[in-house]
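See structure below.
Every number here is computed from the coordinates shown, using simple stated rules; none is lab data. Model, not experiment: these values are computed from the prediction. Note that we place each Cβ from the backbone using ideal geometry, even for glycine, and neighbour counts take in every protein chain shown.
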Amino acid sequence: MKIISLNMGKVTPKPWRDGVPSGICKQSVEHSVQLSNTGLEGDEQADLKNHGGEDKALLVLPTSAYLRFEIEHDYGFLGENLAINDLDEADVCLGDRFQIGTVLLEVSQPRSPCWKLDAQVSTRITKWQPGEFLKAYSDSGHVGFYCRVLTTGKLQKQQSVRWLTLSNEAAKKYPKISIKELYLAKSNPSSPKDWKRLKQAINHPALSLAWQTSINQLLDKHAAKHS
């Protein structure tokens, strides 16, 4: 596994909704970049409520996303900071860690794709009409994921990535919940298994505060409806 592309971007006005600013379109960089607890030095996000911060310092996307959704653009087009090969959201689990040189990352939540991602794609790729890409992307569960930074350092394109799954001891205490199943369970909880997964997820120490809050609200509504 490698960092196939290391991507950064600046906040600029976009041709959507009267020029709303966004940092979603990122460019690949060849030089090494310092990584802090809140992200890559020089990378920008416009919506700091839903992007960035310590729980969402880096957005990671498997390179397979570009083939899956027929995206014929350079990496970074879908807003990811790291495009990594040989990854799949059906295998990556909440709390998994990635060692990249001196940097240590921890998976904190699935990506929550929004209308800006759909606008980015539908205005540049004629195959996707407004609304269609976001639905296909979300329905697949292959949405990518955020990581928090446990150990800072420098990142660079082509660095090797070592995937550290939960230890047996930790796996006994915290069930393995894949990014794909967690995203799908939260976006459309429709079975007892979905609700069980959500209850397990809120007790996982790696889960981001934003998703803890959101899942707790879902569980409270579900409990009230069935009380």
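Per-structure values
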{"item": "Matching strands (runs of 3 or more DSSP E) fully within the range 125-201 where at least 2 residues are of a type in the set (A, V, I, L, M, F, W, C)", "result": "145-151, 162-164"}
{"item": "One residue from Glu89, Glu80 being within 23 Å of Ala201 (Cα to Cα) and acidic (Asp, Glu)", "result": "Glu89"}
{"item": "Matching option when the condition is of a type in the set (Asp, Glu) and surrounded by fewer than 20 Cβ atoms within 10 Å (Cβ to Cβ), among Glu70, Glu89, Glu80", "result": "Glu70"}
{"item": "Residue list for the range 21-37, filter: outside any strand (DSSP E or B), in contact (Cβ under 8 Å) with a residue 60 or more places away in the chain and surrounded by 14 or more Cβ atoms within 10 Å (Cβ to Cβ)", "result": "Ile24, Cys25, Val29, Ser32"}
{"item": "Matching residues, the range 112-158, being buried (at least 19 other Cβ atoms within 10 Å of the Cβ), without any contact (Cβ under 8 Å) to a residue 60 or more places away in the chain and under 28 Å from Lys2 (Cβ atoms)", "result": "Pro113, Val121, Ser138, Val143"}
{"item": "Pair list, Cβ under 8 Å, 6 or more apart: the range 201-227 residue over 18 Å from Asp96 (Cβ atoms), other residue surrounded by 10 or more Cβ atoms within 10 Å (Cβ to Cβ) and among the charged types (D, E, K, R)", "result": "Leu209/Asp55; Ala210/Asp55; Ala210/Lys56; Ser214/Lys186; Ile215/Lys186; Leu218/Lys186; Leu219/Lys199"}
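Conditions tested, residue by residue: (1) under 30 Å from Pro175 (Cβ atoms); (2) assigned to a strand (DSSP E or B); (3) in contact with a strand residue (DSSP E or B) (Cβ under 7 Å, 6 or more places away or on another chain).
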| residue | (1), (2), (3) |
| --- | --- |
| Ala46 | no, no, yes |
| Asn50 | yes, no, no |
| Asp55 | yes, no, yes |
| Ala65 | yes, no, no |
| Glu72 | no, no, no |
| Asp88 | yes, no, yes |
| Lys116 | no, no, yes |
